[in-house]
Amino acid sequence: MFIAGAGGVAAHESAAAHKREHYLRWAVFAALLATIPAFYLQLGGINPYYQRMGALLYLTVAVVLGVHTLLIASVSHHPWGYLKHNWSDAAIALGAFLSFSSPAATWSSSEWVLRAGLNVLILLRLIFALRHFFSPTGTLYLLGMAVIGLGLAGLGFYWLEPSVQSYADGLWLAFVSGSSVGYGDLIPTTPASRIFAVFVIVFGSMMMSLVTASLTAIFVEKEEHQLERKLHHDIKELRRELERLRAELQKQGPVPAGRTPANRGTPSGALDHDPI
């Protein structure tokens, strides 16, 4: 994950660094999710109140990611190495602070490109943050996050899309977009809702892939446990068979020189006699 700038804490790092990453990961994940409403509050913020709310959310994101990076780097054995492999957190924090500093609703072409690049980086960082749930025990968390994401996406479409007249319609548009079905009864028509639909489609595809992989891991792990139990049973049987053979050899006594257990009962002279 070095290319995405989200290498995390290396295995050889200090226990304090791993502990801080474990306790701060939820705050980082919440901050990354907060960039979504922050972006749209500024994008569709005709009301200055919405623009201020979006700016404050961006400021919160910058503070959380900045503090997270500094807290872990301060206890890392190699602070510069940690910063080098986790440059995305610092880049997102800087981008969030710049978005806080320039909350204008009308953006230039260059600002559109920079904000789009920031959103792509945030999306990659979110995918990396979900790696903790890619396990059989994280399936319920993934399902819960999918349901919450669907609800928030429905709310976003209800707010951004004029053709959506109710929250139920917003949920339906979010579902058909996230599942890539696209019946065509409801479609995004404004630039803001179309940009939002892109993120919903990517998020929906990502969540379906992760949930499917997590469910597959459950069945694979169950089969592995069964094979492991069978292997242990076979090893125990083999060990008992070796113990029985050892006991039989001990009962027969020591083997004289020049004899084997197969010719134990043969006279020693017979072994030297040539039958021809």
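Set Lys and Arg Cβ to +1 and Asp and Glu Cβ to -1, take the dipole of region 134-249 about its Cα centre, and tell me which of GLY182, SER205, ILE195 lies farthest positive. It is SER205.
Per-residue 3J(HN,Hα) values for region 78-93, derived from phi via the Karplus relation 6.51 cos²θ - 1.76 cosθ + 1.60 with θ = phi - 60°, read 10, x, 5, x, 5, 5, 5, 8, 10, 5, 5, 5, 5, 5, 5, 4 Hz in sequence order (x marks Gly and Pro).
In which sequence would SER163, SER108, SER99, SER214 go, from the one with the fewest C-beta neighbours within 10 Å to the one with the most?
Numbers: SER163 14, SER108 9, SER99 24, SER214 20.
The order, fewest Cβ neighbours first, is SER108, SER163, SER214, SER99.
Read the figures in this text as sums done on the coordinates, not as results from a lab. Bear in mind the structure is a predicted one, so any value in this text is a computation, not a measurement. A quick note on method: Cβ atoms are made from the backbone with ideal geometry, for glycine too, and the neighbour counts reach across all protein chains shown.
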